[in-house]
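The values are calculated or read from the model by the stated rules, or taken from the named source; none is laboratory data. From a predicted model like this one, the values you see are computed outputs, not experimental measurements. FYI the Cβ positions are ideal-geometry reconstructions off the backbone, even for glycines, and counts take in every protein chain you see. Protein only, heavy atoms only, side chains kept; ligands, DNA and RNA dropped before computing areas. Shrake-Rupley method; radii C 1.70, N 1.55, O 1.52, S 1.80 Å.
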Amino acid sequence: MPALVEYIPKDTLVHRLNPITKILWTLAVLSVCFILQEPLAIFIVLLSNILVAWLSGVLKQVIPAIIGLFIFSLVLILFQIFFVKEGNTLFYVIPFINLGRVTDVGLKFSAVLALRMLATTSTIPILMTTTQMKDIIVVLTEKCRVPFKYSFMLVTALRFIPTFIEEMDQILQAQRSRGYETDTSNPFKKLFIIIPLAIPLLILSVKKAEKMAISMEVRGFGAGPRSYYNRVDMKKTDYAVIALLGTITLAVLIM
Amino acid sequence: MSSIIKISGLTFVYQGSKVPALDQINMDVKQGDFIGIIGPTGAGKTTLALCMNGVIPHFYPGDFYGSVWVDGKDTVENDCAVLAGSIGSVFQDPEAQMVAMVVEDELAFGLENLNLPRHEMERRITEALEITGISHLRYHSTSRLSGGQKQRVAIASAIALHPKILVLDEPTSELDPQGTEIVYDTLKNLNENHGITIIVIEQKIQYLAQYCSRLMVMDKGKIVIEGSCREVLARQDILKPLGINCPPVTQLAHMLKERGLYHGEYPLKVDEAYMVISKVLQDWGNFK
Ligand SMILES: Nc1ncnc2c1ncn2[C@@H]1O[C@H](COP(=O)(O)OP(=O)(O)OP(=O)(O)O)[C@@H](O)[C@H]1O
Ligand SMILES: [Mg+2]
């Protein structure tokens, strides 16, 4: 059974940031990627994510997830690229009979789509490896007023998505070597092959979250106002990071 | 003494299951009791514990009949978080109950939920770690603890909250005899000196016989026998078929009884057995 994305205890700048700051970072990356239209610019955002992972010392844990996401985005390109009719023809996949026409517009469109997906989802494993699940749930519930149950659902999904995508590729390869027909180009057929394989993973992830929810509640979480043993206030670095994120987002918006 | 837990006509059927996991349970726990629950696997022991802390019916869907009152609160009406003010829980799987990455934070979590000031948390953490004998683990990572260490952290986290009732589901399953003894001595201390009501699910009957004031035997969702340790252990006819082996000293007395050599009460501890044997030998001498 594959491991879920887990917190890696380290003492880095990123680890010490308030969970809110890190959640804001993922949202900033999300908005910037949707404002930007140039593949190169989105690629730079992706590189910045990898830089953050490196600074947090979680690169080793995050890279497999990013590779999984990358393969997933390649599949995404394949589904898109042949359907764009506009633009100048760049090449044909099978030249002599002019099959599989790829245009410059199509290529750019697909690249933007794939990079966007890659850049926006690669923040999730970084968030989850540098922040304790408990802390994310506490800030979501306490500070952001998200109902307890929804905080758990959100965190479960966040933990599940990168693992899901990372494992999908491995599962498909394993199945292929055992002779399962996974090479099918029909996306619906592919989905039907993937679903039964993904279910155990999903159940594991939900079970884990449920156990944690139970454990938190029987110790009185959610009964009323709470105090903090280690202050989780926003520190100077948090404000600095948030200011930086705001400036970058604004700058991208204006440009 | 007044009852602190009152269970009446409790039947619970897990969703998707046909047979009830609990079947018409009635139970009356008095304040200051030290109750042991034993029974074969699948008897419903864990399910009963989950009904006491409100996890059932709040987390597990299913058909719930009857009522469970804990410290004057109906568990159906009150959330687990509210019940947590009265009842502390230690689960069967210590792995599943860790929420923090460091032992100290693990203990602090529940105290934070009580909205305590920092110095009070500090005091209670130190105290709970001392009571459970794991002060040296304070700054350890929770994920790198052994099973037995995790169980003790779980117990420390529960007792730091100063609950009126403590329900523990096989808290010593991963501990060696020495560790188990420490845990039971801790529970005994909490029970005798702090008046905490204790309900413990345990497979090792010798510890129940030694420490509990009352014993309950469960099978197939029902309470089969209930009473003082002596009363329950006397019913070997019921215990044997359930695979519950009595403590060796009790078995010895049982064998003596079967041969008509002894007629008194069942011994639970070694020193009591010593008395029994002395008496039997004495009678034997007189007989000759
Ligand atoms: N989440 C669940 N969903 C459905 N059925 C369950 C669930 N948990 C337990 N059961 C069933 O309820 C019955 C009682 O289980 P329970 O866990 O309470 O037994 P137990 O006495 O604690 O056993 P053990 O000694 O193995 O811990 C069993 O038949 C079990 O299969
Ligand atoms: Mg059990």
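Scanning segment B:124-131 finds no residues that are assigned to a helix (DSSP H, G or I), facing chain A (nearest Cβ under 9 Å) and open to solvent by 10 Å² or more (accessible area, probe 1.4 Å). Could you tell me whether residue A:78 is more than 30 Å from residue B:112 (Cβ to Cβ) and open to solvent by less than 80 Å² (accessible area, probe 1.4 Å)? No.
Of the strands (runs of 3 or more DSSP E) contained entirely in segment B:1-113, those carrying at least 1 residues that are more than 14 Å from chain A (Cβ to nearest Cβ) and at negative phi fall at B:3-14, B:22-30, B:34-38, B:62-70.
Rundown of residues vs (1) at pLDDT 85 or above; (2) crowded, with 22+ Cβ neighbours inside 10 Å; (3) of a type outside the set (A, V, I, L, M); (4) within 20 Å of residue A:16 (Cα to Cα), yes/no style:
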residue	(1), (2), (3), (4)
A:99	no, no, no, no
A:102	no, no, no, no
A:110	yes, yes, yes, no
A:114	yes, yes, no, no
A:118	yes, yes, no, no
A:125	yes, yes, yes, yes
A:129	yes, yes, yes, yes
A:138	no, yes, no, yes
A:144	no, no, yes, yes
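Scoring residue B:108 on the criteria (1) within 16 Å of ligand 1 (Cβ to nearest atom); (2) surrounded by 22 or more Cβ atoms within 10 Å (Cβ to Cβ) leaves a single failure, condition (1). With over 23 Å from residue B:136 (Cα atoms), surrounded by fewer than 17 Cβ atoms within 10 Å (Cβ to Cβ) and of a type in the set (A, V, I, L, M) as the only criterion, which of B:70, B:76, B:82 stands out? Going through B:70, B:76, B:82 in turn, just one is over 23 Å from residue B:136 (Cα atoms), surrounded by fewer than 17 Cβ atoms within 10 Å (Cβ to Cβ) and of a type in the set (A, V, I, L, M): B:76. Each residue in segment B:169-226 was checked for being among the acidic types (Asp, Glu) and away from ligand 2 (no atom under 16 Å from the Cβ), and 5 pass. Taking the listed residues B:107, B:111, B:116, B:161, the one that is free of Cβ contacts under 8 Å to residues at least 12 places away in the same chain and within 23 Å of residue A:137 (Cα to Cα) is B:116, with no other qualifying.
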